[in-house]
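Below: one structure, written as structure tokens.
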Amino acid sequence: MAKPLPASIDDTLELLARADYVAERSLATAVFLSLKMGRPLFLEGEAGVGKTEIAKVLAHALGRRLVRLQCYEGLDVSSAVYEWNYSRQMIEIRLAEAEGVGTDEASGRRRERIAQDIFSEKFLIRRPLLQALEADVMGPPVLLIDELDRTDEPFEAYLLEVLSDFQVTIPELGTIRAKEPPVVVITSNRTREIHDAIKRRCFYHWV
Ligand SMILES: Nc1ncnc2c1ncn2[C@@H]1O[C@H](COP(=O)(O)OP(=O)(O)O)[C@@H](O)[C@H]1O
Ligand SMILES: [Mg+2]
């Protein structure tokens, strides 16, 4: 079953040490507060200092699923959040055509039903941000948004929205909201400045 969150900073230090993760007290403090307050942890620092590793360690130590969004230039909603399974939708349409769709009233209703059906969850491909909103018996997953500095500002703005209310809106389906927010770890190698609005939402730590 889901493991309890660390109860104190010392507890957090111990949890990290047990996973062979070497952490200063200041980092353990940021981790503890972020878990306690349910706010994202924002880790910035040089490459190779253990930013990505801490998300893996946390997921393992808390017994949670790790959902990783690796950022890169040009990352968009269809890779980060969801996209429609276009080829399966096409097959569905072809099958309907093969059954014969005429111009009478019954055919009109059938056409409408197909149009609705191909935009149901069955044809939805869930990308990491959407996966992270899904409930899990082991408790909310750890969402690692890795190397955010590689994306561009429009994506950052979108992310800010997702992080404020842990919901995404899919026009054809409606709004999908997390029952319990995921544990969020954001990392940046600081190849560029991340907007203050994101940092303000998080517990920030320079590793
Ligand atoms: N504080 C640490 N404690 C234990 N291992 C570490 C620590 N920092 C880095 N490492 C190790 O170094 C490697 C690189 O760390 P990583 O998390 O990928 O760095 P970053 O994401 O900051 O670039 C990992 O394999 C990790 O095991
Ligand atoms: Mg990394």
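The residue that is farthest from residue 42 (Cα to Cα), counting only those in the stretch 1-28 that are in a helix (DSSP H, G or I) and touching a residue at least 60 places away in the same chain (Cβ under 8 Å), is 26.
Which residue, of 58, 43, is open to solvent by less than 20 Å² (accessible area, probe 1.4 Å), in the same structural domain as residue 154 (by TED's automatic domain parsing) and assigned to a helix (DSSP H, G or I)?
So the residue among 58, 43 that is open to solvent by less than 20 Å² (accessible area, probe 1.4 Å), in the same structural domain as residue 154 (by TED's automatic domain parsing) and assigned to a helix (DSSP H, G or I) is 58.
Residue by residue through the stretch 123-140, note down the ones that are among the charged types (D, E, K, R) and at pLDDT 95 or above. Within the stretch 123-140, 126, 127 meet the criteria.
Each row is one residue, and each column tells you yes or no for (1) surrounded by 18 or more Cβ atoms within 10 Å (Cβ to Cβ); (2) within 16 Å of ligand 1 (Cβ to nearest atom).
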{"site": "165", "(1), (2)": "no, no"}
{"site": "176", "(1), (2)": "yes, no"}
{"site": "186", "(1), (2)": "yes, yes"}
{"site": "205", "(1), (2)": "yes, yes"}
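For the stretch 170-191, which positions are within 16 Å of ligand 2 (Cβ to nearest atom) and not hydroxyl-bearing (Ser, Thr, Tyr)?
184, 185, 186, 189, 190
Checked against (1) away from ligand 1 (no atom under 16 Å from the Cβ); (2) among the β-branched types (Val, Ile, Thr); (3) in the same structural domain as residue 65 (by TED's automatic domain parsing), residue 91 meets all criteria but (3).
Hey, any hits in the stretch 131-143 for a residue that's within 16 Å of ligand 1 (Cβ to nearest atom) and touching a strand residue (DSSP E or B) at 6+ places or on another chain (Cβ under 6 Å)? Scanning the stretch 131-143 turns up at least one residue that is within 16 Å of ligand 1 (Cβ to nearest atom) and touching a strand residue (DSSP E or B) at 6+ places or on another chain (Cβ under 6 Å).
Pairs meeting the criteria (first residue in the stretch 179-205 and under 16 Å from residue 146 (Cβ atoms), second residue part of a strand (DSSP E or B) and of a type in the set (Ser, Thr, Tyr), beta carbons under 6 Å, at least 6 apart or on different chains) are 194/188. Taken together, the criteria exclude residue 31 from residues that are out of contact with any strand residue (DSSP E or B) (no Cβ under 9 Å at 6 or more places or on another chain) and under 26 Å from residue 135 (Cβ atoms).
For the stretch 91-118, name all the residues that are assigned to a helix (DSSP H, G or I) and within 28 Å of the chain's Cα centre (by Cα).
Quick first cut of the stretch 91-118, residues assigned to a helix (DSSP H, G or I) only: 91-99, 105-117.
Matches in the stretch 91-118: 116, 117.
Kindly indicate whether any position in the stretch 6-18 is among the hydrophobic types (A, V, I, L, M, F, W, C), in the same structural domain as residue 182 (by TED's automatic domain parsing), within 16 Å of ligand 2 (Cβ to nearest atom) and open to solvent by less than 60 Å² (accessible area, probe 1.4 Å). Looking through the stretch 6-18, none of the residues is among the hydrophobic types (A, V, I, L, M, F, W, C), in the same structural domain as residue 182 (by TED's automatic domain parsing), within 16 Å of ligand 2 (Cβ to nearest atom) and open to solvent by less than 60 Å² (accessible area, probe 1.4 Å). Taken over the stretch 136-161, residues that are among the hydrophobic types (A, V, I, L, M, F, W, C), under 20 Å from residue 39 (Cβ atoms) and either away from ligand 2 (no atom under 16 Å from the Cβ) or outside any helix (DSSP H, G or I) (or both) amount to 7. For residue 172, the test of being in a loop (DSSP other than H, G, I, E, B), in contact with a Phe, Trp or Tyr (Cβ under 8 Å, 6 or more places away or on another chain) and open to solvent by 10 Å² or more (accessible area, probe 1.4 Å) is passed.
The values are calculated or read from the model by the stated rules, or taken from the named source; none is laboratory data. As the structure is a computational prediction, the values presented were derived from the model and not from experiment. Methodologically, a virtual Cβ is constructed for each residue, glycine included, from the backbone with ideal geometry; neighbour enumeration extends over all protein chains shown. These accessible areas exclude ligands, DNA and RNA; they are computed on the full protein's heavy atoms, side chains included. Shrake-Rupley method; radii C 1.70, N 1.55, O 1.52, S 1.80 Å.
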